[in-house]
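Report on the structure given below.
The values are calculated or read from the model by the stated rules, or taken from the named source; none is laboratory data. Computed from a prediction, not measured in an experiment: that's the story for all the values here. Methodologically, a virtual Cβ is constructed for each residue, glycine included, from the backbone with ideal geometry; neighbour enumeration extends over all protein chains shown. Calculation scope for accessible area: heavy atoms of the full protein, side chains included, ligands and nucleic acids excluded. Shrake-Rupley method; radii C 1.70, N 1.55, O 1.52, S 1.80 Å.
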Amino acid sequence: MKKLVALAVMASLSAGMLTGCGGTRVSRVDAGQEIALTDKWNDKDSSLVSEEMIGDMLSFPWIRDFRASNGTEKPTVIIQRVRNKSHEHISAETFLNDLKRAIIRSGDARFIASGAERQDIRSEREDQELNASAAKAMGNETAADFALSGSINSFVDQVDGSRVTTYQVDLKLVNMESNEEVWNGQKKLKKFQEKSSYGW
C-alpha cells in the first residue's frame with residue numbers, strides 16, 4: 001500500500017514537472033492584431049503613426065498649390081532620412097516602409113525611390129543596355145518635387161512601480177526647388193506600464 005501511494009505521488013510530481021517545463025504554447029494570430037507585451041515601440045505604432053501623419057501631410061495647402069501650378073500632375077515625394085533619437089532600438093526601415101505605403105496608397109502623390117535604391121536600379125539599367133533587346137533608356141528618371149525627413153524621440157517618466165513612455169515623431173516636407181518647408185507634422189504616443197511582481 002505504501003509503495004502504491006509513493007508511486008502515485010511520484011507520478012503526480014512528474015506530471016507537474018512536465019506541465020511546468022512544457023507550459024510554453026504558441027498560436028497564430030491575425031497579423032493586424034496588436035499584442036503589446038511591453039511599453040516599447042511596436043509594429044502597430046509604426047503603422048498608425050505613418051498613416052495618420054501622411055494623411056495630415058496630404059491635407060495641407062502645398063498639394064493644392066502644386067496641382068494649381070501643374071494641372072493634373074501628382075507631386076513626387078522622396079524620403080531622405082528619419083533619425084531614431086529614442087532610447088531604444090527602433091527599426092527605421094519598417095517605419096520608412098510604412099510611410100512609403102501610406103503615400104502610395106493615398107493616390108494623391110507619387111513616391112520616388114531613395115538614393116541607394118536608385119543606384120541599384122541604375123546598375124540594372126546599365127546591365128540591360130548590354131544584355132537586353134529593349135533596355136530602358138538612361139536619363140529618364142523622375143525628379144522629386146518634395147523631400148520628407150524627420151526624427152523619432154522618446155521620453156521616459158518613472159516613479160516607483162509605474163512608468164510612462166512618450167514617443168514623439170516629427171516629420172517635415174520641404175520643396176526641393178525652393179527649400180520652402182511646406183508641412184511640419186508631429187505625433188505623440190504615450191504608453192503606461194505598471195511594474196509586475198516579476199520586474200519590468
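General observations
- Residue in the range 103-114 that is assigned to a helix (DSSP H, G or I), of a type outside the set (Val, Ile, Thr), surrounded by 13 or more Cβ atoms within 10 Å (Cβ to Cβ) and at pLDDT 90 or above present: yes
- Considering residues of the range 175-196 that are aliphatic (A, V, I, L, M) and open to solvent by less than 70 Å² (accessible area, probe 1.4 Å) only, the residue nearest to Phe146 (Cα to Cα): Val182
The rows are residues; the columns are (1) aliphatic (A, V, I, L, M); (2) more than 13 Å from Leu173 (Cα to Cα).
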{"site": "Lys74", "(1), (2)": "no, yes"}
{"site": "Ile78", "(1), (2)": "yes, no"}
{"site": "Asn84", "(1), (2)": "no, yes"}
{"site": "Phe95", "(1), (2)": "no, yes"}
{"site": "Ala102", "(1), (2)": "yes, yes"}
{"site": "Arg110", "(1), (2)": "no, yes"}
{"site": "Asp145", "(1), (2)": "no, no"}
{"site": "Gln158", "(1), (2)": "no, yes"}
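- Against the criterion of being aliphatic (A, V, I, L, M) and in a loop (DSSP other than H, G, I, E, B), Ile79 does not qualify.
- Filter result for Gly23 (modelled with pLDDT of 65 or more, open to solvent by less than 80 Å² (accessible area, probe 1.4 Å) and either of a type in the set (Asp, Glu) or in a loop (DSSP other than H, G, I, E, B) (or both)): yes
- Residues of the range 57-72 that are surrounded by 11 or more Cβ atoms within 10 Å (Cβ to Cβ), part of a loop (DSSP other than H, G, I, E, B) and among the polar types (S, T, N, Q): Ser59 alone.
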